[in-house]
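Student: Supplied in structure tokens, the structure appears directly below.
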Amino acid sequence: MRDFACPHCGQQLAFENSKCLNCGNNLGFDLADRQFAVVGPDGTTPAQPPRRVCDNLNVAACNWLVPVEGTGLCRSCSLTRTRPADGDAAMPQFAEAEAAKRRVIVELVELGLPIKDRTEDPDTGLVFDLLSSEHQQVMTGHDNGLITLDLAEGDDVHREQLRISMSEPYRTLLGHFRHEIGHYFFFKLAETGEPRQRFEELFGDPDTSYQDALDRHYSQGPPSDWEQDYVSSYATMHPAEDWAETFAHYLHIRDTLDTAAAFGMAPAGAAATQPLVGDVGFDRIIALWLPLSWSLNMINRSMGHKDLYPFVLPPKVLDKMRLVHHLVAASDTPAVVNAAV
């Protein structure tokens with residue numbers, strides 16, 4: 001994530017800001033250029049064509065800009081198909097989930113990954129159902145482009161209880177979105193042709209019975225030596241989960257390096273906008289990531305917290321992540337960023 005500044009006074013901004021606390025101007029984030037713009041008293045930006053803030057400003061704290069014409073949901077919010085009703089007790093968790101989703105969408109755009117919604121691809125386009133398990137059973141997961149998220153994951157106590165009970169060293173809303181979006185991009189990047197062949201060499205056959213793998217995983221647990229070949233114990237369950245976990249970690253690494261570069265904690269060449277392609281590019285990413293993650297872990301320990309990145313990346317995992325890197329780079333395409341529905 002980049003370092004942002006108020007275009008009026010230069011005050012440093014967080015990605016979530018909708019108002020500059022220094023000069024008092026209202027602000028909106030423009031996905032097209034990944035920068036903030038001042039929103040004037042008339043509710044629009046001075047640039048042509050004028051833009052205004054997303055209709056979800058108040059319901060989801062969305063600070064993204066949209067065209068003045070149209071019903072006014074930004075590119076990220078327009079991907080949400082189902083959400084809690086206004087006034088529902090889950091609305092605060094909905095806002096947290098949308099904030100995490102916006103971070104994912106920005107990263108996908110920065111990396112040039114294609115985002116097609118259900119208007120462009122009615123059958124398998126990307127769409128989200130953000131639901132609360134308070135009123136119904138909700139299974140977080142992916143199905144033909146539909147990503148479902150249990151908004152209870154936005155509750156710190158609930159999420160921590162699940163993290164401990166499932167022996168997970170890391171569990172966040174952002175991590176869930178990155179994992180599930182990984183399932184979506186398997187079908188876009190690796191389902192057929194030479195990518196599929198390379199996938200099977202590294203991950204295995206994705207068409208093996210998922211239910212059998214699920215039953216085996218929860219009855220027997222991961223193999224005793226899983227750390228040698230997988231980035232997490234959950235990745236051992238099925239080739240599809242191995243891919244999704246690896247893809248999520250690739251996004252973790254790229255975004256954290258991007259942020260570190262923006263704040264002078266890593267070379268500028270680590271930014272997601274830099275052409276880090278091919279084996280040389282991937283080797284550069286890992287060469288930057290290993291010392292950075294180590295230092296961040298040591299900083300966390302200095303503050304009495306657990307490691308920020310409690311994972312190791314053995315050679316087999318790096319080979320899998322290298323494939324993700326190659327497929328992401330090969331897919332680089334201009335994304336539709338100004339859609340409003």
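Student: Tell me yes or no: at least one residue of the stretch 60-72 is acidic (Asp, Glu) and either in the same structural domain as Met91 (by the TED database) or modelled with pLDDT under 90 (or both).
Tutor: Yes, because at least one residue in the stretch 60-72 is acidic (Asp, Glu) and either in the same structural domain as Met91 (by the TED database) or modelled with pLDDT under 90 (or both).
Student: Same structure, new question: Which of (1) of a type outside the set (A, V, I, L, M, F, W, C); (2) touching a helix residue (DSSP H, G or I) at 6+ places or on another chain (Cβ under 6 Å); (3) exposed (fewer than 14 other Cβ atoms within 10 Å of the Cβ) does Gly182 not meet, given it meets every other one?
Tutor: Only one criterion is unmet by Gly182, namely (3).
Student: While we're here: Say whether the condition of being over 16 Å from the mean Cα position of the chain (by Cα) and part of a loop (DSSP other than H, G, I, E, B) is met by at least one residue in the stretch 92-102.
Tutor: no
Student: For the stretch 1-84, please list each of the strands (runs of 3 or more DSSP E) lying entirely inside it that holds at least 2 residues being within 28 Å of Pro122 (Cβ to Cβ).
Tutor: Hits in the stretch 1-84: 65-67, 80-82.
Student: Would you please name the residue that is farthest from Asp3 (Cα to Cα), looking only at residues in the stretch 293-316 that are in contact with a helix residue (DSSP H, G or I) (Cβ under 6 Å, 6 or more places away or on another chain) and surrounded by 15 or more Cβ atoms within 10 Å (Cβ to Cβ)?
Tutor: By that ranking, first place goes to Asp307.
Student: Out of the residues in the stretch 103-118 meeting the condition of being of a type in the set (A, V, I, L, M) and part of a helix (DSSP H, G or I), tell me which one is farthest from Asp150 (Cα to Cα).
Tutor: Val109
The rows are residues; the columns are (1) touching a Pro at 6+ places or on another chain (Cβ under 8 Å); (2) in contact (Cβ under 8 Å) with a residue 12 or more places away in the chain; (3) surrounded by 16 or more Cβ atoms within 10 Å (Cβ to Cβ); (4) not assigned by the TED database to the domain that holds His179.
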| position | (1), (2), (3), (4) |
| --- | --- |
| Gln197 | no, no, no, yes |
| Thr208 | yes, yes, no, yes |
| His217 | no, yes, yes, yes |
| Pro223 | no, yes, no, yes |
| Gln228 | yes, yes, no, yes |
| Pro239 | yes, yes, yes, yes |
| Asp242 | no, yes, yes, yes |
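Student: Quick one: in the stretch 119-144, of everything that is crowded, with 17+ Cβ neighbours inside 10 Å and not hydroxyl-bearing (Ser, Thr, Tyr), which residue is modelled with the lowest pLDDT?
Tutor: Once the filter is applied, the top-ranked residue is Val138.
Student: Do you know which residues across the stretch 112-153 are under 16 Å from the mean Cα position of the chain (by Cα) and among the β-branched types (Val, Ile, Thr)?
Tutor: Within the stretch 112-153, Ile115, Val127, Thr140, Ile147, Thr148 meet the criteria.
The values are calculated or read from the model by the stated rules, or taken from the named source; none is laboratory data. Bear in mind the structure is a predicted one, so any value in this text is a computation, not a measurement. Note that we place each Cβ from the backbone using ideal geometry, even for glycine, and neighbour counts take in every protein chain shown.
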